[in-house]
Amino acid sequence: MFSCFGEARKYLCHASLLLILILGSFKVLPLAQDQGSSAPSKGQTEPPDAAGGPQSDVGPYAIPKKKDEPPTPPPPEKPKKVEGMPDYSIRVDIPLVEVPVMVTTKDGQFISSLKKENFRITEDGTPQTISNFTVSEAPITAVLLVEFAAGDYFFMNDILHASYSFVSTLKKDDWLAVISYDMKDYILADFTQNKQDAYGALNQLRIPGFTETNLFDALYDTLDRVDRIQGHKYIILVTTGIDTFSKLNLDQITKKIKATKDVTIFPVSVGWAIREYFEARGGAAPHGMGIPVGQMDYLQADNEMNTFARLTGGRAYFPRFQAEFPEIFHQIGGDIRNQYSIAYHPTNPKLDGTYRKLKVDVIAPDGGPLKVKDQKGKDLKYIVIAREGYTAKHTVE
């Protein structure tokens, strides 16, 4: 009996354990379904698309809080237009036009006694009122063209002394190039504002190379170079004037000078004391080895230099002594450096980028043409040099 009861008890324990396991499996299955199911519960809502955050099969990882955007400000109120009041604007940018003017005689001498009342300027045919008037010294752009050949033994001191004298007259805003020539031309210094560079270029003139002095070829090449430079240019030609072996002739170089604009030539002859010394003894100063040069050749050279100066508005100088060189270059500086500076506020204030034509006249107090007389009372012809126009500023509105 006890054994049967024991067996029954054993089966009862096994049955109880099996029942516990069955009931436990029913509690776990619903939990697993809640975690793996993609369907939302009845109380859950879909996040709005504007919430952002990465999406997946199980819903968004994060739903950031949308920031409150500030309200759009209202447009500014337009000022009420008063009836009868016209629209207008105040312009404070008043343009000022500056015109450099040079008045010289036909020989290139500066006329420095003119007053503000002696100038009349028009813009596109409309007279303008001159507001500022001064006499200033304008910077120059010049080429020092120096003859330096083996045949210049008797002229060497004059050539170097004249060259150094001209460089010493330069100012800080002036531009100078130094070129020497014998059989051909050599650029010793390109345009510079440094006097030491110019002196250093002249210091290279120690041992001349060839005997020939090809003046026409060297002058032609120099005119070609300066013709590409804007503004007025000057050529200071230090030379004996003798041309021995140029490919060009006098007619060709004369045509070239006439065709080149904005260039004035100031020839400075060297060796006059030596020439007079030999002339007094019935001969001509030797120039070159084996190259016959007579007194007539020197006279022709002087005439050519006068012609070069006259065609370009310059003046030729023929100093007899070295002591004259400083004074000569001082006169050249006075001829080419001085300017009148005229300024005015145009009657056309538009900043439209248009080109305005200018015309400058020199007038007498009564409004007629001004007459200039020399010391002997004779009328002098003069030249007014000024730019032909300017381009107004352009403002984009």
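Remarks
- The H on the amide N of residue 348, modeled in the peptide plane, is under 5 Å from the matching H of no residue at least 5 residues off or on a different chain.
- Close amide-amide hydrogen proximity is noted between residue 174 and 140, each under 5 Å apart and 5 or more residues distant or on a separate chain (H modeled in the peptide plane; Pro and chain starts excluded).
- Stokes-Einstein diffusion for segment 227-305, with the hydrodynamic radius set to the Kirkwood value over Cα pairs and evaluated at 37 °C in a medium of 0.692 mPa s, equals 228 µm²/s.
- Listed pairs 261/371; 261/376; 116/258; 115/357; 256/381 exceeding 29 Å between Cα atoms: 261/376; 116/258
- Based on protein heavy atoms only, segment 93-246 ends up with 46 Å² per residue of surface accessible to a 1.4 Å probe.
- Here each label is just a point 7 Å from Cα along the line to Cβ, and for residue 124 and residue 366 those points are 3.4 nm apart.
- Amide H contacts of residue 188 (H built 1.01 Å from N, under 5 Å, at least 5 apart or other chain): 178, 179, 180
- Accessible surface, per residue, of segment 302-397 when the full set of protein chains is kept, probe 1.4 Å, Å²: 61 Å²
- From most to least packed by mean Cβ count within 10 Å, the peptides 253-261, 332-340, 299-307 give 332-340, 299-307, 253-261.
- Computed FRET value (nearest 0.05) for residue 169 with residue 204, which takes r as the C-beta separation and R₀ as 25 Å: 0.75
- FRET efficiency estimate (nearest 0.05) - Cβ-Cβ, residue 96 to residue 230, R0 22 angstrom: 0.50
- Accessible-area value, residue 345, 1.4 Å probe, nucleic acids and ligands omitted, Å²: 90 Å²
- As a calculated quantity, the FRET efficiency between residue 157 and residue 350 at R0 = 51 Å, using C-beta atoms, amounts to about 0.25.
- At the residue level, residue 359 shows approximately 120 square angstrom of accessible surface with a 1.4 angstrom probe and all protein chains present.
The values are calculated or read from the model by the stated rules, or taken from the named source; none is laboratory data. Every value quoted in this text rests on a predicted model; they were computed, and no experiment measured them. Cβ: placed from backbone, ideal geometry, glycine included. Neighbour counts: every protein chain shown. Please note that ligands, DNA and RNA were not included when accessible areas were found on the heavy atoms of the full protein model with its side chains. Shrake-Rupley method; radii C 1.70, N 1.55, O 1.52, S 1.80 Å.
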